[in-house]
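J.: Dropping a structure here in structure tokens format, bear with me for questions.
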Amino acid sequence: MKFSRLLQSLALLALAGFCQAASAQQSINVHLEPNGKSTLIGKLDSRSLAVNAEWPKNRDAVSNWQPIYYRGEFLVYLDSYDLGKNNAPVPGSKYLLGPSKSAPVLAIATDEDQAEIITIDPRYCHINLGTIVLGYIEDDAAVAPAAPPMTKPIVAPTQRIAFPRANDAIKTFEGILVSTTSFESNRNGYRFKLIDTDNKTIAFVDPSSLPEYLIFTDYINAKTIATGKLKPGSDEGDLILNLQSLKKKH
């Protein structure tokens, strides 16, 4: 599609411009929506890498936010009925961030996406997707109001379920075992997590202590009862569940 090729060319030009000039700016978060609490889909090393986009026709501009075209690799889900010939996603179908119709939509499929199927389930298939999506960054050109002196920064509430911090007690949770996004796995080193039915993260999963007779991959994308010890992750708010046992919930 001509539009898709144009976006790819814009992204490559932005990358070339960045390579020609060194930058000491801090990395910039790219969000799925123009809201600091929305899903984080990636990071830019510099503002010069951002390829500005127009605001979608169906929404008003949000102050201090800028839509951009963001190129990356994502772990997404697709309704299995939306697989066409040669198991390729049907153009126009939705790439979801979780195995649920209510999960956030990352992007709409085109015939030029690089989509590699990881697993196929009767309801949803898991896909490693390479494409350009519409994301949002905070506009660094906007001047933020000065904070009162000696005022502690306000920490935004997370979307995680409130669980006690880690201790030596064995805890049991019910949820769906899914793969993390490429951004999450690069950030904390864990490839899988346990989510609830609302697609909220319960904890990232460490399967290293599972008994050898349990085949971990048999439980991916299944409703499970997971038992283990909680420990804090490297990022504040992350919880890691060191698995002791797993069983499917029927």
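J.: So, of the residues in segment 27-42 that are among the polar types (S, T, N, Q) and within 16 Å of PHE183 (Cβ to Cβ), which turns out to be surrounded by the most Cβ atoms within 10 Å (Cβ to Cβ)? Steps first, answer last, please.
T.: From segment 27-42, those among the polar types (S, T, N, Q) are 27, 29, 35, 38-39; that's our starting set.
From what's left, within 16 Å of PHE183 (Cβ to Cβ): 27, 29, 38-39.
Values: SER27: 11, ASN29: 16, SER38: 14, THR39: 18.
Filtering first and then ranking leaves THR39.
Conditions (1) buried (at least 16 other Cβ atoms within 10 Å of the Cβ); (2) modelled with pLDDT under 85; (3) closer than 29 Å to LEU78 by Cβ; (4) in the same structural domain as GLY72 (by TED's automatic domain parsing), marked per residue:
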{"site": "GLN159", "(1), (2), (3), (4)": "no, yes, yes, no"}
{"site": "PHE163", "(1), (2), (3), (4)": "no, yes, no, no"}
{"site": "GLY189", "(1), (2), (3), (4)": "no, yes, yes, no"}
{"site": "ASP206", "(1), (2), (3), (4)": "yes, no, yes, no"}
{"site": "GLU212", "(1), (2), (3), (4)": "no, yes, no, no"}
{"site": "GLY228", "(1), (2), (3), (4)": "yes, no, no, no"}
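For every residue, the table says whether it meets (1) within 20 Å of the chain's Cα centre (by Cα); (2) closer than 27 Å to VAL178 by Cβ; (3) surrounded by 13 or more Cβ atoms within 10 Å (Cβ to Cβ).
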position: LEU44; (1), (2), (3): yes, yes, yes
position: TRP55; (1), (2), (3): no, no, yes
position: VAL90; (1), (2), (3): no, yes, yes
position: LEU96; (1), (2), (3): yes, yes, yes
position: GLU112; (1), (2), (3): no, yes, yes
position: ALA115; (1), (2), (3): yes, yes, yes
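J.: Of all residues being at pLDDT 75 or above and assigned to a loop (DSSP other than H, G, I, E, B) in segment 165-187, which is surrounded by the most Cβ atoms within 10 Å (Cβ to Cβ)? Just the residue, please.
T.: It comes out as THR181.
The values are calculated or read from the model by the stated rules, or taken from the named source; none is laboratory data. From a predicted model like this one, the values you see are computed outputs, not experimental measurements. FYI the Cβ positions are ideal-geometry reconstructions off the backbone, even for glycines, and counts take in every protein chain you see.
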